[in-house]
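Chemist: So that we are looking at the same thing, I have put the structure below in C-alpha cells.
Nothing in this text is a laboratory measurement; each read-out follows from the coordinates by a stated rule. Every value quoted in this text rests on a predicted model; they were computed, and no experiment measured them. Cβ coordinates were reconstructed from backbone atoms using ideal geometry, including for glycine residues, and neighbour counts include every protein chain displayed.
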Amino acid sequence: MKGFAMKSRQWLICAVLLAGLLCGCESSNAQPEQTQPPQTTAETETAETVQTTTQPVQEEPEQTRQTVPETTEAIREEDPIPPAYQEQLELYAKAIAEQWTPEQCQQAQLSLLVSFLPDQQSIGYCFLDLDGDGVQEMIVTDGNVIYDLYALNGEELQWVLSGFERISYQLTEDNGIINRGSGSAAYSYITFYRWNGGELEWVDGLELDYEANYDSPWFRRQGEQSEPEAITEEEFNQIESAYASVQIPFVPLTE
C-alpha cells in the first residue's frame with residue numbers, strides 16, 4: 001500500500017509538470033497584440049505636409065512678355081521752317097531741277113556752285129544758332145563745304161555768304177566759319193570768322209604768299225585792316241589746326 005501511494009504521487013507530479021510545459025508552449029507561440037500610441041497634432045500635420053509635397057505640381061503655362069523698346073532719344077515734332085527759309089529751299093530745288101546758269105543762281109541769292117549740281121540728293125540744309133541769340137541760321141551744305149549761309153532779319157531773308165569755285169566756307173566745332181581762297185598759284189589765304197549780332201566778325205587770318213617771300217611765305221593777319229606779319233611754318237600750322245573744320249549734318253533737299 002505504501003508503495004502504491006508513492007507511485008501515485010509521482011504520476012501526479014509528472015502530470016502537473018506536463019501540463020505546465022504545454023501551457024508554456026502555447027503562450028510562447030501566441031504573439032502579443034501591439035498597440036500604437038495615438039498620433040499627436042504635430043505628427044498629423046507633418047504627415048499631411050509630406051503627402052501634399054509628394055503630389056505632382058501642375059505648372060501654369062508661362063505668359064509671353066512683350067518687350068517694349070526703350071527710347072534713347074526724345075521724339076519731338078520739328079518746328080516749322082520759317083517762310084523766308086522755305087522759299088529759298090524751294091528756289092534751290094528749282095534751280096537744280098532746271099539746271100540754272102551761274103548768273104541765274106546769283107540773281108536768286110544762290111551759290112554759283114548750284115549750277116554744277118547734278119541732283120538734289122547730294123545737298124541739303126541745316127539749322128544752327130551760330131551766335132546763341134535764339135534765332136537759327138540756315139546753312140545749305142553738302143556736309144563738307146557751305147554753299148550758302150542765310151540769317152533772318154526779322155522775317156526777311158539775309159544772305160550772309162556764298163561759296164564759289166575758288167572761295168570756300170566751312171564750319172568749325174565751335175560754330176565758327178573758315179574761309180579759304182586763292183588769288184593765284186602763289187597766293188592763298190585762310191580767314192576765320194564768327195557770326196555775331198547779324199554780321200561776320202573777323203577772328204584771325206593766315207596767308208601763304210610766295211610773291212612776298214618765296215623762302216618764307218607764312219604770314220598772319222590779326223585784323224581785317226592790319227598788315228600781315230611774318231611767322232614760322234610751325235606757327236602757321238598750329239593756328240590752322242586750332243580752327244579745324246568739321247562735317248555738317250544736313251537734311252537732303254529731297255526730304
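Chemist: Quick check on my filter: what residues within the range 115-172 are part of a strand (DSSP E or B) and of a type in the set (Phe, Trp, Tyr)?
Modeler: Result: Tyr125, Phe127, Tyr147, Tyr150, Trp159, Tyr169.
Chemist: Continuing with this model, one more query. Hey, could you check the range 236-250 for residues that are assigned to a loop (DSSP other than H, G, I, E, B) and of a type in the set (A, V, I, L, M) and say which is nearest to Val140 (Cα to Cα)?
Modeler: So the residue we want is Ile248.
Chemist: Give all pairs with beta carbons closer than 7 Å in which a residue from the range 224-235 that is assigned to a helix (DSSP H, G or I) meets a residue that is exposed (fewer than 11 other Cβ atoms within 10 Å of the Cβ); count only pairs at least 6 apart in sequence or on separate chains.
Modeler: Partner pairs satisfying both residue conditions: none exist.
Chemist: Then there is this: Whether any residue in the range 201-216 is closer than 30 Å to Lys94 by Cβ and outside any strand (DSSP E or B) is what I want to check.
Modeler: Going residue by residue through the range 201-216, those that are closer than 30 Å to Lys94 by Cβ are none.
So far as the range 201-216 goes, no, none of its residues is closer than 30 Å to Lys94 by Cβ and outside any strand (DSSP E or B).
Chemist: Here is a further query. I'd like to verify a number: residues in the range 85-109 that are of a type in the set (Val, Ile, Thr) and in contact (Cβ under 8 Å) with a residue 60 or more places away in the chain, how many?
Modeler: Looking only at that region, the number is 1.
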